[in-house]
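Engineer: Starting off with a structure, shown below.
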Amino acid sequence: MLPKFSFSKLRTSHKFIIGLILLFIFLSILPAPKLVQTEGFSKAVYDSHGKLLRLTLSPDERYRLWVPLSKIEQKIIDATLLYEDRHFYWHFGFNPAALVKAAWKTYVVKNRAFGASTITMQLARLRFNLETRTVSGKLAQIFRAIQLEWFYSKDDILEAYLNLAPYGGNVEGVGAASLVYFNKRAENITTHEAITLAVVPQNPQRRFPVRNHSQESDLQQARLRLLDEWLAENPQDMERVEQLKQVPDIRPLSKLPFLAPHYVDAVLQAYPDQSQLEGTIDSNLQDTLVRQAKAYVASQKQFGLYNTAALLVDTRDMSIKALLGSVDFHNPLIHGQVNGVLARRSPGSTLKPFIYALGIEQGLIHSQSLLKDSPTSFGNYNPENFDEEFSGPITVQESLNKSRNIPAIHVATLLKQPDLYDFMKKAKVNLPKSKKHYGLALVLGGAEVRMDELAGLYAVLANKGQHKKLRWLTNDIKGEEKEEGTQLLTDATSFMMLDMLQHNLPPQQGFKQEWLKQPLPVYWKTGTSYAYRDAWSVGIFGHYVLAVWVGNFDGHGNPAFVGRQAAAPLFFRIVNAIRSEQQNFSVPKNIPPLTDDPVEVCAISGQLPTQYCKHKKHTWFIPGVSPIDKCEIHRPVYVETKTGLRACNNRVKDTTEQVYEFWSSDLLNIFKLAGIPRRVPPPYHPACDIDQIGHQGKKPMITSPRTKLSYQFRQDNKQKIPFMAVTDSDVKKLYWFVDERFIGTSKPGKPLFWPAKPGQYLVRVIDDQGRGDGRLLHVESENR
């Protein structure tokens with residue numbers, strides 16, 4: 001028979017051991033409590049130099065910023081342990097000797113309540129929201145402290161405490177306290193700042209640094225007591241004891257920064273899981289941009305200009321250096337909290353450089369190629385120039401810098417793969433609809449884009465044709481790409497585009513940039529959207545891309561919102577301010593990557609010169625790519641000496657060779673309207689056979705009826721379709737045919753009206769020299 005077990009008969013030491021065993025078993029059964037459980041933490045956003053841009057409130061309206069223990073200055077840790085729990089690394093959650101001493105003074109001597117809470121116990125009180133002024137509460141606190149020590153390391157516990165401890169007001173954690181009070185990160189705190197922070201959690205209300213930093217305050221008295229202990233442990237600091245006695249400068253919560261608000265909002269939304277965001281913004285550049293924008297808007301209010309947005313990007317690493325979403329974040333009248341950099345707006349003509357870049361890339365043009373700026377229809381699309389006028393013949397460079405619409409659209413119609421739509425897609429521009437939906441209107445801003453997307457496109461030119469994503473953070477994992485990026489254009493094409501854009505004169509400047517002593521090359525373009533809703537100026541200078549937008553977020557138009565008049569002046573204000581204020585401002589040279597020297601071309605046609613071209617100029621060519629057609633404007637004409645008529649060929653006797661400029665009939669009409677008459681070749685001698693002359697010159701080109709267009713007419717309505725064609729300058733008469741049936745004649749540039757009937761027809765035109773053109777015409781009956 002086994003003897004009866006009696007717990008009371010066990011020795012005290014045995015009872016203690018059994019108790020510990022039961023406690024360990026109990027702790028092992030319990031699930032591990034979360035070390036930190038709050039309603040969330042604040043987020044801190046810094047600029048590229050570590051300057052605080054904003055510290056957000058946590059969801060429960062606290063400044064509470066999580067900082068790992070490795071990022072907390074050791075002086076804070078040492079001062080906190082010295083003041084709160086010097087035996088922290090030796091006890092197992094509570095200090096029995098301190099508890100006995102506290103109980104004796106509190107309950108026997110009847111002195112004021114004397115605390116004996118270890119850091120682990122304080123963390124337990126904060127973590128489990130315990131009421132510890134009663135015996136039961138204190139016992140619960142001790143148990144929770146033991147539980148935390150059971151499951152977590154000392155460093156884990158210390159890290160959690162330093163991130164949750166109260167530091168006065170709604171400031172919690174040493175990370176937030178360092179930023180709020182001293183404008184420093186916890187890893188940069190000095191000794192006397194560390195001593196100040198260490199004494200606050202013991203009585204955060206009475207020692208709230210913002211209100212209690214006088215020399216007689218409870219905060220200062222606690223500091224001095226801790227300082228004595230600190231100096232005993234750190235005698236090397238005795239030489240600066242007077243400095244350590246002084247309360248450091250405390251920043252009030254009302255002075256917390258709220259800088260670059262649109263940028264900060266954007267990164268907070270894009271990176272919701274990061275608590276400390278290392279931004280790419282340069283506060284000096286940001287201040288310059290904001291200052292110039294505010295001053296400019298203030299000076300232009302008389303013209304109804306109340307808002308602007310701007311973006312500055314460093315093309316070397318594609319980091320955003322300055323961002324202004326609106327001129328006044330706090331002004332509801334202009335919808336100031338809308339971020340104009342991320343808003344989708346019509347870019348107007350700012351996409352034209354990439355039309356011409358693709359044309360150069362595909363061998364269609366070079367900078368001095370001659371284009372036609374005359375009334376033209378593209379299917380059912382009838383574009384006009386901004387000034388509703390036409391310039392006639394114009395080079396690619398002039399067309400780009402004068403922002404002519406018709407030539408740009410013409411080049412766009414010639415593009416193969418990629419066209420502008422494909423190019424923008426490869427550059428990650430968000431085009432939500434199909435290529436067919438946008439059509440040729442894409443050239444003139446028919447698709448809305450974001451300013452950051454537009455800046456990324458221009459950076460392609462600065463980066464030798466390579467596209468790279470913008471970087472919003474210095475440690476931006478999202479924005480990282482392979483160093484080489486995506487090659488969208490060749491280095492040669494990028495060089496040629498910059499060379500053209502450089503010749504775009506700044507507004508109100510009538511002299512060339514190279515005339516200046518130290519010229520700053522600026523490669524820029526403007527844009528104006530339909531109904532004057534958006535004015536743009538985008539360009540490259542130094543190592544930066546700058547984009548400026550002027551307009552209203554509600555879409556209200558203003559005739560003053562013209563790119564060159566409204567956005568360009570601010571663009572150049574910012575450019576000049578950055579150049580003058582930034583030390584060591586560097587200007588990279590646009591070095592030609594081409595191995596060959598510039599090519600000599602005809603100054604009029606832009607084509608390779610013949611012996612008939614009197615005036616010549618030089619331009620850049622891409623060997624094997626750029627067009628090499630010979631000049632078609634200057635042609636020899638053999639004129640009979642006696643009759644003054646054009647000879648059939650150069651074998652006719654008594655003729656003289658004369659050089660004429662051969663312009664198409666539509667351009668001749670523009671010359672005529674401009675009061676610039678052109679010499680027209682004389683007519684051929686009547687004896688000349690068409691077989692002798694028909695192979696010379698350019699054939700006519702039908703401009704009406706239009707291609708890819710079906711005409712719909714009511715059957716009871718006798719409507720007519722105009723037939724028109726553009727011809728060479730020596731043509732006097734056109735002959736029109738419908739399905740081989742002759743229907744009449746017309747002069748070049750003049751219409752012949754044909755009565756329309758339902759059906760499909762082949763329309764042909766023959767000029768008086770036997771050259772012809774044709775196209776299909778489809779006429780439908782309109783269903784009523």
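Engineer: Can you tell me which of PRO623, PRO598, PRO593, PRO609 is open to solvent by 30 Å² or more (accessible area, probe 1.4 Å), at pLDDT 90 or above and more than 30 Å from ALA309 (Cβ to Cβ)? Steps first, please.
Structural biologist: Values: PRO623 fails: at pLDDT 90 or above; PRO598 fails: at pLDDT 90 or above; PRO593 fails: at pLDDT 90 or above.
Just a single option satisfies the conditions, and that option is PRO609.
Engineer: Can you tell which of LEU139, LEU148, LEU158, LEU162 is part of a helix (DSSP H, G or I), free of Cβ contacts under 8 Å to residues at least 40 places away in the same chain and of a type outside the set (Phe, Trp, Tyr)? Steps first, please.
Structural biologist: Details: LEU148 fails: free of Cβ contacts under 8 Å to residues at least 40 places away in the same chain; LEU158 fails: free of Cβ contacts under 8 Å to residues at least 40 places away in the same chain; LEU162 fails: free of Cβ contacts under 8 Å to residues at least 40 places away in the same chain.
Every option except LEU139 fails the conditions.
Engineer: Among the numbered conditions (1) part of a strand (DSSP E or B); (2) surrounded by fewer than 17 Cβ atoms within 10 Å (Cβ to Cβ), tell me where TYR761 comes up short.
Structural biologist: The one condition TYR761 does not meet is (2).
Engineer: Name every residue in the range 122-137 that is more than 14 Å from PRO33 (Cα to Cα) and either modelled with pLDDT of 80 or more or among the hydrophobic types (A, V, I, L, M, F, W, C) (or both), in order of residue number. Spell out the reasoning first.
Structural biologist: In the first step, residues of the range 122-137 are kept if they are more than 14 Å from PRO33 (Cα to Cα); the result is 122, 130-137.
If the condition is that a residue be more than 14 Å from PRO33 (Cα to Cα) and either modelled with pLDDT of 80 or more or among the hydrophobic types (A, V, I, L, M, F, W, C) (or both), then GLN122, LEU130, GLU131, VAL135, GLY137 are the ones that fit.
Engineer: Identify the residue in the range 57-81 that is surrounded by fewer than 18 Cβ atoms within 10 Å (Cβ to Cβ) and among the hydrophobic types (A, V, I, L, M, F, W, C) and, among all such residues, is farthest from THR118 (Cα to Cα).
Structural biologist: Selected residue: LEU57.
Engineer: Here's a follow-up. Condition (residue is among the charged types (D, E, K, R) and open to solvent by 30 Å² or more (accessible area, probe 1.4 Å)) applied to the range 396-407: is it met by at least one residue? Show your work before the answer.
Structural biologist: Looking only at the range 396-407, we keep the residues that are among the charged types (D, E, K, R), and these are 398, 402, 404.
Imposing the further condition that a residue be open to solvent by 30 Å² or more (accessible area, probe 1.4 Å) reduces the set to 398, 402.
Yes: the range 396-407 contains one or more residues that are among the charged types (D, E, K, R) and open to solvent by 30 Å² or more (accessible area, probe 1.4 Å).
Engineer: Turning to a different aspect of this structure: Restricting to the range 538-571, give me the number of residues that are open to solvent by 20 Å² or more (accessible area, probe 1.4 Å) and more than 17 Å from the chain's Cα centre (by Cα). Spell out how you get there, then give the answer.
Structural biologist: Just the residues of the range 538-571 that are open to solvent by 20 Å² or more (accessible area, probe 1.4 Å), to begin with: 543, 552-560, 564-565, 569.
Narrowing further to those that are more than 17 Å from the chain's Cα centre (by Cα): 552-560, 564-565, 569.
Looking only at that region, the number is 12.
Engineer: Could you look through the range 431-470, keep only residues that are among the basic types (Lys, Arg) and out of contact with any Pro (no Cβ under 8 Å at 6 or more places or on another chain), and pick out the one that is nearest to LEU498 (Cα to Cα)?
Structural biologist: Of all residues in the range 431-470, those among the basic types (Lys, Arg) come to 433, 435-436, 450, 464, 468-469.
Filter again for out of contact with any Pro (no Cβ under 8 Å at 6 or more places or on another chain), leaving 433, 435-436, 450, 468-469.
On the way: LYS433: 30, LYS435: 27, LYS436: 30, ARG450: 22, LYS468: 18, LYS469: 21 Å.
Checked the range 431-470; the qualifying residue nearest to LEU498 (Cα to Cα) is LYS468.
Engineer: Can you tell me which residue is surrounded by the fewest Cβ atoms within 10 Å (Cβ to Cβ) among those in the range 265-286 that are among the acidic types (Asp, Glu) and not in a strand (DSSP E or B)? Show your work before the answer.
Structural biologist: Taking the range 265-286 first, the residues among the acidic types (Asp, Glu) are 265, 273, 278, 282.
Add one more test, that the residue is not in a strand (DSSP E or B), and what stays is 265, 273, 282.
Numbers: ASP265: 17, ASP273: 5, ASP282: 21.
Filtering the range 265-286 for residues that are among the acidic types (Asp, Glu) and not in a strand (DSSP E or B), the one surrounded by the fewest Cβ atoms within 10 Å (Cβ to Cβ) comes out as ASP273.
Engineer: Got a sec? Which of GLY770, GLY749 is more than 52 Å from the chain's Cα centre (by Cα), at positive phi, at pLDDT 80 or above and surrounded by 13 or more Cβ atoms within 10 Å (Cβ to Cβ)?
Structural biologist: Details: GLY749 fails: more than 52 Å from the chain's Cα centre (by Cα).
Within the list GLY770, GLY749, the selection yields GLY770.
Engineer: Oh, and also: Return the residues of the range 331-363 that are in contact with a Ser or Thr (Cβ under 8 Å, 6 or more places away or on another chain) and among the charged types (D, E, K, R); say none if nothing qualifies.
Structural biologist: ARG345, LYS352, GLU361
Engineer: Inside the range 287-310, can you point out the residues that are hydrophobic (A, V, I, L, M, F, W, C) and open to solvent by 40 Å² or more (accessible area, probe 1.4 Å)?
Structural biologist: Filtering the range 287-310 down to residues hydrophobic (A, V, I, L, M, F, W, C) leaves 289-290, 293, 295, 297-298, 303, 305, 309-310.
Selection gives ALA295, ALA298, PHE303.
Engineer: Return yes when GLU657 is free of Cβ contacts under 8 Å to residues at least 24 places away in the same chain, open to solvent by 50 Å² or more (accessible area, probe 1.4 Å) and acidic (Asp, Glu) and no when it is not. Walk me through it before giving the result.
Structural biologist: Details: free of Cβ contacts under 8 Å to residues at least 24 places away in the same chain: yes; open to solvent by 50 Å² or more (accessible area, probe 1.4 Å): yes; acidic (Asp, Glu): yes.
The answer is yes for GLU657.
Engineer: Report yes if GLN583 is assigned to a helix (DSSP H, G or I) and open to solvent by 50 Å² or more (accessible area, probe 1.4 Å), otherwise no.
Structural biologist: On the way: assigned to a helix (DSSP H, G or I): no; open to solvent by 50 Å² or more (accessible area, probe 1.4 Å): yes.
Criteria not met by GLN583.
Engineer: I would also like to ask the following. Enumerate the pairs (first residue in the range 221-249 and closer than 15 Å to ALA79 by Cα; second residue anywhere and open to solvent by 80 Å² or more (accessible area, probe 1.4 Å) and in a helix (DSSP H, G or I)) with beta-carbon separation below 9 Å, excluding pairs fewer than 6 apart on the same chain, so at least 6 apart or on different chains.
Structural biologist: LEU231/MET238
Engineer: For GLY697, only one of the following conditions fails: (1) in a loop (DSSP other than H, G, I, E, B); (2) on the phi < 0 side of the Ramachandran plot. What is its number?
Structural biologist: The failed condition is (2).
Engineer: What pairs can you find where one residue is in the range 411-422 and assigned to a loop (DSSP other than H, G, I, E, B), the other is open to solvent by 30 Å² or more (accessible area, probe 1.4 Å) and not aromatic (Phe, Trp, Tyr), and their Cβ atoms are less than 8 Å apart, with a gap of 6+ or different chains?
Structural biologist: Partner pairs satisfying both residue conditions: LEU415/GLN362; LEU415/LEU364; LYS416/GLN362; PRO418/LYS426; ASP419/LYS435.
Engineer: Which of the residues belonging to the range 666-679 are farther than 17 Å from LEU734 by Cα and open to solvent by 30 Å² or more (accessible area, probe 1.4 Å)?
Structural biologist: Passing the criteria: LYS672, LEU673, ALA674, GLY675, ILE676, PRO677, ARG678, ARG679.
Engineer: Oh, and also: Taking TRP663 and the conditions (1) modelled with pLDDT under 75; (2) open to solvent by less than 70 Å² (accessible area, probe 1.4 Å), which numbered condition does it fall short on, given that it satisfies the others?
Structural biologist: The single condition TRP663 does not satisfy is (1).
Engineer: Follow-up. I need the full set of residues from the range 423-452 which are open to solvent by less than 70 Å² (accessible area, probe 1.4 Å), on the phi < 0 side of the Ramachandran plot and outside any loop (DSSP other than H, G, I, E, B), in order please.
Structural biologist: Across the range 423-452, the qualifying residues are PHE423, MET424, TYR438, LEU440, ALA441, LEU442, VAL443, LEU444, VAL449, MET451, ASP452.
Engineer: So which residues in the range 143-168 are open to solvent by 10 Å² or more (accessible area, probe 1.4 Å) and within 18 Å of PRO59 (Cα to Cα)? It would help to see each step written out before you state the result.
Structural biologist: Taking the range 143-168 first, the residues open to solvent by 10 Å² or more (accessible area, probe 1.4 Å) are 143-144, 146, 149-156, 159, 164, 166.
LEU164, PRO166, listed by residue number.
The values are calculated or read from the model by the stated rules, or taken from the named source; none is laboratory data. Predicted model, so just to flag it, every value in this text is computed and none were measured. Virtual Cβ from ideal backbone geometry, glycine too; neighbours counted across all protein chains shown. Ligands, DNA and RNA are excluded from the accessible area calculation, which covers all protein heavy atoms including side chains. Shrake-Rupley method; radii C 1.70, N 1.55, O 1.52, S 1.80 Å.
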